[in-house]
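Just below is one structure, and these are the notes that go with it.
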Amino acid sequence: MSKYYRPIRLWCCVSIFSCFATFAEQAPVIVNLMENSHVCNSETETARLAENEQLQEMARALVEFKATKFCFILPSAAAVQVLEQHATYIKFDYKSQILYTFAKYVQVQTHTLAQEPTY
């Protein structure tokens, strides 16, 4: 009878380990956006604009004049939590809102670790 229970026991172990792997907490990625970043609230609009640099610049010029239904200028620099990262834009959480911006508005952070003297 033990040979019949072995596959069931194996299946239970695999399913438990996969649950742990699925629900493992990942550390949030925080990045800084530049001041006056071009931000959108629609992923389809952001993806469309991200395909063409000239179209992106025209849309930015428009929202600098007046915010549109989909896009606006974020006036101050902000630290945001990245939810998804695509090749040319990111999806992020800002004050409990899901927004999108282009990769060129994300500031690159360089962290240097202080080295402790070794004795």
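Laboratory data are not the source of any read-out in this text; all were calculated from the coordinates shown. Since this is a predicted model, take the numbers as computed values, not measurements. Note that we place each Cβ from the backbone using ideal geometry, even for glycine, and neighbour counts take in every protein chain shown.
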Please give the net charge around Leu74, taking every other residue with its beta carbon less than 14 angstrom from that of Leu74, where Lys and Arg add +1 and Asp and Glu add -1.
0
Surrounding charge for Leu83, neighbours by C-beta under 12 angstrom, Lys/Arg +1, Asp/Glu -1, total -2
Express in % the proportion of alpha carbon pairs of the stretch 29-107 at distances exceeding 20 Å.
20
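Grab the other residues whose beta carbon is less than 14 angstrom from that of Glu45, score K and R as +1, D and E as -1, and report the net.
That sum, taken over residues with Cβ under 14 Å, equals +2.
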Per the 1/(1 + (r/R0)^6) rule, R0 = 30 Å and r from the Cβ atoms of Tyr94 and Gln54, FRET efficiency to 0.05 is 0.65
